[in-house]
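For reference, the structure is listed below as structure tokens.
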Amino acid sequence: MPSVRVYVRLKPSLLDSAGRTVGEALKNLGYAEVEDVRIGKLIELKVDTVEDSRIREMCSKLLANPVIEDFTYEVVGEKA
Amino acid sequence: MKIAVVRFPGSNCDQDALKALTEDLGLEAEYVWHETASLSGYDGVFVPGGFSYGDYLRCGAMAAAATVMNEVRRFAAEGRPVLGACNGFQILCESGILPGALLQNVGRRFICDDVYLTPGTRRSPWTEQVDRTVTIPIAHGEGRYVIDADGLKALHDNDQVAFRYTNALGEPTPQSNPNGSVDNIAGVLNEKGNVLGLMPHPERCTKSILGGTDGLKVLAGYLALVGA
């Protein structure tokens with residue numbers, strides 16, 4: 001059964017408060033090379049059929065909020 | 001007039017809302033479970049605050065997909081009063097009934113405090129009674145209102161900015177913005193003006209024993225909309 005990996009990211013123009021905090025923590029640990037951190041989400045769907053239009057629909061309706069987030073996805077495993 | 005107070009798993013301001021509406025505003029109000037398919041018999045809706053569905057995915061995202069939201073959408077379109085406070089505001093934005101979205105506070109902290117609010121417009125049923133800067137409590141971790149530049153312009157052009165965070169003099173200063181909301185926006189209206197979403201909690205300040213009654217000026221929008 002194929003999996004769909006959906007990646008959801010906050011739009012680049014928006015401040016990621018949590019990401020900024022993680023970036024500061026990395027610097028505190030001595031990783032001075034870290035310029036910026038952005039936190040996104042990985043959502044894995046197991047589906048019995050892969051239909052691109054339906055995946056896009058699921059992403060824009062629920063998995064991502066198009067007002068604040070961008071999404072990409074990839075299909076892993078056998079495409080039915 | 002009977003108001004439906006919509007309950008989701010994780011709502012926690014539902015009792016405050018029901019008591020404010022019934023005891024302090026003198027309206028009828030009942031709890032309505034989120035699986036309810038019909039809101040016939042009701043005249044308006046209150047979408048309460050809380051942490052619906054544990055804020056899974058995004059605040060308000062799961063609640064926006066609940067069955068009852070089809071009816072809330074219908075009420076919004078028909079010009080009936082709909083108010084969402086705190087998580088209720090997040091739900092109304094997630095469901096597309098109101099423009100914009102709410103993100104984590106800039107300061108990354110949950111803030112529980114009284115704030116000054118000044119109406120962005122008086123030409124709306126929810127703000128026409130708010131004749132001055134009022135004090136209403138906030139309690140949220142994700143209250144940073146965001147909208148793109150075109151959307152922000154449309155909000156101003158259409159008189160949809162209901163409330164802004166200000167100082168006591170009504171000035172929207174950076175210091176008076178608790179969460180980093182764009183343009184100090186604390187609450188917005190839909191285009192018709194019958195739907196209000198705001199992060200502050202008007203239902204928490206409707207009795208002097210609670211520290212103030214300014215919330216009544218906002219909730220009076222129900223009377224203005226249904227009485228008209």
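Quick notes
- All positions within segment B:131-171 that are within 21 Å of B:Gly107 (Cα to Cα) and among the hydroxyl-bearing types (Ser, Thr, Tyr): B:Tyr145, B:Tyr165, B:Thr166
- Scan of segment B:173-183 for residues that are away from chain A (no Cβ under 14 Å) and under 16 Å from B:Leu152 (Cα atoms), ordered by number: B:Asp183
- Those residues of segment A:1-22 which are open to solvent by 80 Å² or more (accessible area, probe 1.4 Å) and part of a loop (DSSP other than H, G, I, E, B), in sequence order: A:Met1, A:Pro12, A:Ser13
- Residue match in segment B:145-163 (condition: outside any loop (DSSP other than H, G, I, E, B), touching a residue at least 40 places away in the same chain (Cβ under 8 Å), crowded, with 24+ Cβ neighbours inside 10 Å and more than 14 Å from every other protein chain (Cβ to nearest Cβ)): yes
- All of (1) part of a loop (DSSP other than H, G, I, E, B); (2) open to solvent by 10 Å² or more (accessible area, probe 1.4 Å) hold for B:Ser124 with one exception: (2).
- B:Cys13 surrounded by fewer than 21 Cβ atoms within 10 Å (Cβ to Cβ) and away from every other protein chain (no Cβ under 12 Å): no
- Residue match in segment B:34-50 (condition: surrounded by 15 or more Cβ atoms within 10 Å (Cβ to Cβ), farther than 30 Å from A:Ile68 by Cβ and modelled with pLDDT of 95 or more): yes
- If you filter segment A:23-57 down to residues that are farther than 26 Å from B:Asp148 by Cα, open to solvent by less than 60 Å² (accessible area, probe 1.4 Å) and in contact (Cβ under 8 Å) with a residue 12 or more places away in the chain, you find that the one that is farthest from the other protein chains (Cβ to nearest Cβ) is A:Val50.
- Flag for B:Ser181 being over 18 Å from B:Gly84 (Cα atoms) and among the hydroxyl-bearing types (Ser, Thr, Tyr): no
- Considering segment B:1-102, the qualifying strands (runs of 3 or more DSSP E), each wholly inside and each with 1 or more residues that are over 20 Å from B:Asn190 (Cβ atoms), run over B:2-7, B:28-33.
The values are calculated or read from the model by the stated rules, or taken from the named source; none is laboratory data. The shown structure was predicted, so the numbers you read here are calculated from the model rather than taken from an experiment. Note: ideal-geometry Cβ built from the backbone for every residue, glycine included; neighbour counts use all protein chains shown. We work out accessible area using only protein heavy atoms, side chains counted, and drop any ligands, DNA or RNA first. Shrake-Rupley method; radii C 1.70, N 1.55, O 1.52, S 1.80 Å.
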